[in-house]
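Reading through the structure tokens given below for one structure.
The values are calculated or read from the model by the stated rules, or taken from the named source; none is laboratory data. Source: prediction; values computed, not measured. In this analysis, Cβ positions are derived from the backbone assuming ideal geometry, glycine residues included, and neighbour counts consider all displayed protein chains. For accessibility, only protein heavy atoms count, side chains too; no ligands or nucleic acids. Shrake-Rupley method; radii C 1.70, N 1.55, O 1.52, S 1.80 Å.
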Amino acid sequence: MDRARRRELRDLNQRAWNLEKDLFPVAKSLDSTLKKNTAFIKRLRTAISQATLNTFLQEIRTVSLSKYLSEIVSACHEGLCRLKSPGEIEAGVEIVSALHQRFGPADFTERLGWLLGKSMATPDKAYLKTLTAEAREKEEKDRLVRQRVLLRVVTELWLVGVLRTLDDVSRPDDATKGAAGRPSEPKPRGSVKNGGSEPFPLEVLKDLLGHDREHVNLPLLVIFVKTFSWDILGVQAAGTEGRKTVEEDGATKSTVETEEQGEDGAASISDDPPFTSPELQERFRNILKRYFEDVKTHLVRDQKAIYSQSRKNAEAYVKSGEVFEDRQANFEKQVKAQERLVANAQVIADIIGAEMPELKDTEDPSAAMNGSIGIVKAGEYLRGQGDGSGIWEDEEERRFYENLVDLKGKVPGMLLEEVKKKKPDADEPVGKKTDNPEGSEAAKTADTTADDQSMAIANKTIGAQVDALLLRLPDLTSKDAIDQMAIDFCFLNSKASRNRLVKALTDVPKGRGDLLPNWSRLVAILGKYMPDIPKGLVDYLDAEFRSLQRRKDKEFLGQVRLGNIRYLAELTKFGIVPEHVVFHCLKVSLDDFSRMNIEIICNLLENCGRYLLRNPETSPRMASFLETLQRKKSVQHIGQAEKMLIENAVYYVDPPQRPAIQQKERTPMELFIRKLVYVDLTKRNYSKILRQIRRLHWEEKDVVSILHKVFTKPGKIKYGNIHLLAILLSALYRYHTGFVIGVIDCLIESISWGLEQNDYKFNQRRIAEVKYLGELYNYRMLEHPVVFDTMYKIMTFGHGGAPVPGRMSPFDMPDDFFRIRLIATILETCGMFFNKGAAGKKLDYFLSFFQYYMFTKNPLPMDIEFLVQDIFALTRPQWKLASNLEEATKVFQLAVAQDHKTSGLDKGIEQDDRTSGATSDDEHGDDLQLDEQDDEDDEDSEDQDLEDADQNPMYSDDEDEEEAQIVVTRPEEEIDPEDEADFEREYAKMMAESLESRKAERKHQFDLPLPVRPKAKDVSSGGEAGENAADGSTGMMAFSLLTKKGNRQQSRTVALPSDSQFAIAMKNQQQAEREEQQRIKSLVLNYDLRESEDQDGKV
């Protein structure tokens, strides 16, 4: 809405609140028929738009609506909830203002304000708890869509003075009809210090943001600050200040170009003060700052969670070769939500001038820097015995396998003493020889019976507790849960409980290989004081391995074999499995070198091979085994897949020695410059960095080369700092012009190189480069022809002209939408400045071509489609997007025809200017005109120069600046006055002699360009007919001859024979022009006829 109109409405609405009458003119006789009133209410509910605004205002003037005010209030509320575009919102504000001025606050505005406040209130938590998860999510989405529009409507109504505070609302009689959802009823909040209530939008923001811990209302706040940044917060949004000029110290100064101001010289938005006072602006900003602090905490927390989840996914992929679909989908959902949150937070930060938090993709290294002792220990553990890869992948894995909880400090000692007393009895049968071999069978049977009986617990209560404890085993997914279960088991410790635990630990659920490390940690914690648990588990796994080796032909037991060897490997890393058991498994598998045993060896190596090789006790045997494995692989004939398995496993355990990556050596000067631009550059210190760059030794080629590299690679700095790099380059222009021109040339060349390569790994760099190009235009380092040429080249490169649907190009495939993203980035950066003049016309033509280019691709993905919609809304809000290729082609053809028509006129004028120096024999008789004086030509040329200067203010300003910057360093010479007087006398004498000598010379033939007649006159209109008549009757053709007598020019008609060479040439030229016009006319008519036939055929 126009700001002058908004202030006018504000004044009228304030007077309406003061109960002034006759603010809105009403007809003397009002139409009170039911048909008119109900039709108005129906349209008010569904058809508020810019097109129907005048109809609404006319009906408010002429229709008696006083009897239906309650229905009008409800319908108005529903109609405001249905608005979408800015034009519809402006129309709604006009209509509501008109109703407010006619019916006053008590009958209309206070009731409407109650309904709007109710719709903007946060939903009732008790009501949301009664809904299902799906219904609750749907309710939240509907609320955000509804409140996104209503927040703008409410704020606009407050700015124009229709709404004031929540104290100025009253509940209507039928409020339930217009209420949407079930939000809580609006209540007046606390008052401010001066006793007045808070403004309506401020109350709404407090209610929306005050208890929003999950920041679901952040998109609403983004819409609010983008739309009302100047009127409410006093901060000018991007694009409203115009292009900027960089001063000598790097400060930017906004200047509004003459071309962009228009003919009326309208002032910029900064000349019109905001609608809110500075105190009120500060209160709005305080709310935004408090909310932004919560958003920053949310961002950091989610970033850590995403990093942790990505590490877990990577570990799962390394161990099992895949990541579960649900886990991957959840991770992608978190990443997209984080990207949206970061984008919205960036908008808020730019408006309120706050700094975004630093989001790192790695853990904070300071967490591991608590002391030098801890660092040394961790380094020793991770490095192992050599300089290669260590036993453990990282510090977290080392803590998992080595930092075990000590039960002695967590559990009373009496619960652990019983096991220690029985420990010798448990070890007694090991290695004991029996004298009676016949009695061995009876002894085994007796032992088995005793074990079965030992699993039965006499106390049923304790048995139930043990069962409940064992049911928690599948849920052990964290280190804390494992430690807690070990402590809980100690309080139920008994021989039967331990036996039942061992039996439960041997029964691993199918497909739950992720439990094996956690269960192994539980066994390691308990095994320190209950050695029969790890011994029983290892004996069971060893026996199972031997049994599976005896059943080699059973291929369906493959998963069981892998689970068994993985369990043994995890227990080995905790030091539970004896050394001879592990190497026995490796030796048995190596002896029978079949495909099944190769998979067992590789699984064992991948899970505990590094531990065995880096452990000093097992390192010699493991190195010998690996050497034997390599020899057997090369000697025995095995398949290619088995060879790859073995090589991958061996390389994982003992990676080959490779030289360290050579870090590029940089000079101290290069490191200093890179630190200035890549690390230190911020909004607050870029002026200081500019001064430091200017102090460098620019006379040295090495320094200039380093700076050239830095300024031509915008992809290496933060994306948000690219505009600061453009500011630095613009400030250097006045001191190092050649350097800046070289940087710009290199940038444009790099953009072209990216189009030639079309490699996705350069996409991020290419986005930064086109962003950099747009910022250089914003700071007046480029003009719009360069930007448009670059955008056209982006879309047409590789096509040999305009893209054609169905014609493939290897540089720009139909399913490659990255060029659309490049164009969108440029227009998002500087497209808002192409609004008037030649740049505005070029953008209109370009957008029609851009729209056609999009339809030569496959159907756009949703993110690209939204990006395009945002770009058109930013640059041309009233543009109607085409829905198919035919419509886009038609729009583009109309733009081409209009451009040809405009360029044809321009070329005609230029042609006339170029040929105006020829003789009158080369011109038409119709195009001749008589000029009055010679000085009129001079005045016309001066006016044309002034007009050119007005159309191109940048160039004229630049020339003036260049002339103003010329410095004369040569000392001025002193001239003797007597010598100067002698020179003047001699010069006057010479001029007089020259004049006397030229009096006797013969005057040359007058040769002056014939002036072109701007308008056709009656004489010229009959000229062609006269010529034709003369040609047919007398055989003569009339021409106009221009002569000059004194200072006067005269024109007279001269008749030449029609069969003369000059007349025949003129006839041929006229005939050729007629044929060309007829050909163009037939082409246009045939095109329209063919288009109508196609439409008839479709019908």
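Mind ordering 798-805, 821-828, 648-655 by average Cβ neighbours within 10 Å, highest first? Could you put the intermediate results ahead of the total?
Working: 798-805: 13.1, 821-828: 21.2, 648-655: 16.0.
The peptides rank, most packed first, as 821-828, 648-655, 798-805.
Calculate, in nm to one decimal, what Glu1091 and Asp31 gain on full extension: separation in residues at 0.36 nm each, minus their alpha carbon distance.
376.8 nm
Suppose R0 equals 51 Å. What FRET efficiency, 1/(1 + (r/R0)^6) with r the Cβ-Cβ distance, do Asp168 and Lys841 give to the nearest 0.05? Show your work: numbers first, answer last.
Details: r = 48 Å, r/R0 = 0.94.
The pair Asp168/Lys841 has a calculated efficiency of 0.60.
Just to check I understand the Karplus step: with θ = phi - 60° and J = 6.51 cos²θ - 1.76 cosθ + 1.60, what whole-Hz values come out for segment 128-137, glycine and proline as x?
5, 5, 6, 8, 6, 4, 5, 5, 5, 5
Calculate the FRET efficiency for Thr628 and Asn884 from the Cβ-Cβ distance with a Förster distance of 60 Å, rounded to the nearest 0.05.
0.30
Would you kindly state how much longer the chain becomes between Ser277 and Leu557 on full extension, computed as 0.36 nm times their sequence separation minus their alpha carbon distance, in nm to one decimal?
Between Ser277 and Leu557, full extension yields an extra 92.9 nm.
Using only the Cα atoms of segment 623-667, construct the convex hull and provide its projected area averaged over every direction, in square nanometres to one decimal.
Taking a quarter of the hull surface, the average projection is 4.6 nm².
Starting from the alpha-carbon convex hull of segment 658-783, give the projected area averaged over all orientations, in nm². Display every interim value, and only then the final one.
On the way: hull surface 37.1 nm².
Spelled out: convex hull of the Cα atoms, projected over all directions, averaged, 9.3 nm².
Place +1 on the Cβ of every Lys and Arg and -1 on the Cβ of every Asp and Glu in segment 542-583, take the dipole about the Cα centre, and give the residue among Gly575, Gly563, Gln549 whose Cα lies farthest towards its positive end.
Farthest towards the positive end: Gln549.
Taking amide H positions as placed 1.01 Å from N in the peptide plane, with prolines and chain starts having none, which residues 5 or more places from Ala1055, or on another chain, fall under 5 Å of its amide H?
Hits under the 5 Å cutoff: Phe1039.
Let's see if you can work this out: charge +1 on each Lys and Arg Cβ, -1 on each Asp and Glu Cβ, no other charges. What is the dipole magnitude of segment 778-888 about its Cα centre, in debye to the nearest 20?
That gives a dipole near 380 debye.
Pairs of lysine in segment 559-682 with Cα under 24 Å and at least 8 positions apart or on different chains: total?
Lysine pair count for segment 559-682: 7.
Please report the equivalent ellipsoid semi-axes of segment 628-696, computed as sqrt(5 x eigenvalue) of the Cα gyration tensor, largest first, in whole Å.
Details: eigenvalues 632, 36, 12 Å².
Semi-axes, largest first: 56, 13, 8 Å.
Could you list, in their original order, any pairs among Lys495/Lys554; Lys84/Lys206; Lys336/Lys716 whose Cα atoms are separated by more than 27 Å?
In this structure, Lys495/Lys554 lie more than 27 Å apart at Cα.
May I ask for the distance between the Cα centers of segment 583-647 and segment 795-852, given as a whole number of Å?
Centre-to-centre (Cα) distance: 59 Å.
Carbon-plus-sulfur fraction of the accessible area of segment 504-548, 1.4 Å probe, in percent? All intermediate terms of the calculation are to be shown ahead of the outcome.
Values: 880 of 1650 Å².
Looking at segment 504-548 in its full context, I get 53 percent from C and S.
What is the distance, in nm, between label points placed 7 Å from the Cα along the Cα-to-Cβ direction at Glu665 and at Ala468?
In this crude label model, Glu665 to Ala468 measures out at 7.1 nm.
Which distance in Å, rounded to a whole number, links the C-alpha centroids of segment 4-33 and segment 127-166?
Result: 29 Å between the Cα centres.
What is the spin-label model distance, in nm, from Glu1075 to Lys42 if the labels are put 7 Å beyond Cα along the C-beta direction?
6.4 nm
Suppose R0 equals 51 Å; then what is the FRET efficiency for Thr682 and Tyr651 from their Cβ-Cβ distance, rounded to the nearest 0.05?
My answer for the efficiency is 0.70.
Suppose we keep just the alpha-carbon trace of segment 528-623; what are its Rg and Dmax in angstrom?
13.1, 41
Does anything in segment 708-747 have its amide N under 14 Å from the 7 Å Cα→Cβ label point of Arg691, and if so which residues?
none
Tell me which residues come under 5 Å, amide H to amide H, from Val63 once H is placed; ignore anything under 5 positions away on its chain.
For Val63, whose amide H was placed from the backbone, the distant partners under 5 Å are Asp31.
Would you calculate the separation in nanometres between label points at Asn1068 and Leu1083, each defined as 7 Å from the Cα along the Cα-to-beta-carbon direction?
2.4 nm
Defining a contact as two alpha carbons under 8 Å apart and six or more residues distant in sequence, what relative contact order in percent does segment 687-759 show?
The normalised contact order for segment 687-759 reaches 29 percent.
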